[in-house]
Amino acid sequence: MAPKILLSRSKSSAEAYEKAVEAAGGAPTSAYCPQVDMSYDGLILCGGDDVDPSRYGQENRGSKDIDLDRDAAEFALIEAYLQAGKPILGICRGHQILNIALGGTLIQDLPAPAGLFHTYDSEKETERVHPVHAAPRSWFGETWGDLFAVNSHHHQVADRLGEGFVPMLWSESGVVEGMLHESRPLLCVQFHPERMCLDHRRADTVDGFPIFQKFLQMCAK
């Protein structure tokens, strides 16, 4: 039976995430502010707007488009899935909120020049692409090599890492782009693999599909 995957998304469509989960062998259900439901085998925290900085003990220093309802829903989901020991995949905002949930913090607005390589390019109306370095002998390195390109569409990044998170990918300016947890089934990336695979496959990045394959393997255990 295909693992059942709950996707917590923004108010917009999660079609690309759903197609990636289906192609990897999962049965996705996506919702905005879903209730805690432990009948699922895994949880994906999709991209979206900024998390309320009060959640990590800071005043607003550049956070925008904060959705308090989504914050509340996702922190409740994370707590429940952590307690149950079920896998969680965090993507972009998901990467950030998972880090916060385990006691980490964020840089709320990445300054130039580093920020220029990560934020949306409004003039070209496209997301950025930049290289990342993988930790030696990491899953990321074994999958794509020591240096490879990913997409980028964010202005906030992980600062202090949450308890137990091990950084595995870094951008050219030292931004943590991918993490695994030392003891929990947690995987998170700052980039958007759903926009790097299947119908969204692009020539200027690696194929993001292995992220979903790995997560479905985690959920099938």
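The values are calculated or read from the model by the stated rules, or taken from the named source; none is laboratory data. Keep in mind the model is a prediction, meaning the values are calculated, not measured. Ideal geometry is used to build each Cβ from the backbone, glycine not excepted, and the neighbour counts take in all protein chains shown. Protein only, heavy atoms only, side chains kept; ligands, DNA and RNA dropped before computing areas. Shrake-Rupley method; radii C 1.70, N 1.55, O 1.52, S 1.80 Å.
Exactly one of (1) within 25 Å of residue 163 (Cα to Cα); (2) within 14 Å of the chain's Cα centre (by Cα) is unmet by residue 73. Its number?
(2)
Can you spot a residue in region 131-142 that is of a type in the set (D, E, K, R), out of contact with any strand residue (DSSP E or B) (no Cβ under 8 Å at 6 or more places or on another chain) and at pLDDT 85 or above?
So far as region 131-142 goes, yes, one or more of its residues are of a type in the set (D, E, K, R), out of contact with any strand residue (DSSP E or B) (no Cβ under 8 Å at 6 or more places or on another chain) and at pLDDT 85 or above.
Please enumerate the residues belonging to region 15-51 that are farther than 16 Å from residue 189 by Cβ, surrounded by 17 or more Cβ atoms within 10 Å (Cβ to Cβ) and in contact with a Leu (Cβ under 8 Å, 6 or more places away or on another chain).
Listed by number, the residues that qualify are 18, 19, 26, 28, 30, 34, 40, 51.
Please count how many residues of region 1-14 are within 21 Å of residue 191 (Cβ to Cβ) and either in contact (Cβ under 8 Å) with a residue 60 or more places away in the chain or open to solvent by 30 Å² or more (accessible area, probe 1.4 Å) (or both).
Number satisfying all stated conditions: 6.
Yes/no per residue for (1) over 15 Å from residue 190 (Cβ atoms); (2) part of a strand (DSSP E or B):
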| position | (1), (2) |
| --- | --- |
| 130 | no, yes |
| 133 | no, yes |
| 136 | yes, no |
| 141 | yes, no |
| 149 | no, yes |
| 155 | no, no |
| 160 | yes, no |
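Does residue 62 count as open to solvent by 10 Å² or more (accessible area, probe 1.4 Å), modelled with pLDDT under 95 and either of a type in the set (Gly, Ala, Ser) or in contact with a Phe, Trp or Tyr (Cβ under 7 Å, 6 or more places away or on another chain) (or both)?
Judged against the criteria, residue 62 is a match.
Looking at (1) under 20 Å from residue 9 (Cα atoms); (2) open to solvent by 10 Å² or more (accessible area, probe 1.4 Å), which one does residue 156 not meet, given that it meets all the others?
Status for residue 156: all satisfied but (2).
Do you know which of the residues in region 176-221 that are among the basic types (Lys, Arg) and farther than 17 Å from residue 95 by Cα is modelled with the highest pLDDT?
201
So which residues in region 123-168 are in contact (Cβ under 8 Å) with a residue 12 or more places away in the chain, farther than 17 Å from residue 205 by Cα and of a type in the set (Asp, Glu), if there are any at all?
Answer for region 123-168, where residues must be in contact (Cβ under 8 Å) with a residue 12 or more places away in the chain, farther than 17 Å from residue 205 by Cα and of a type in the set (Asp, Glu): 159, 163.
With in contact with an Asp or Glu (Cβ under 9 Å, 6 or more places away or on another chain), open to solvent by 10 Å² or more (accessible area, probe 1.4 Å) and either on the phi > 0 side of the Ramachandran plot or among the polar types (S, T, N, Q) (or both) as the only criterion, which of 145, 164 stands out?
164
Got a number for residues in region 193-205 being open to solvent by 30 Å² or more (accessible area, probe 1.4 Å) and at negative phi?
7
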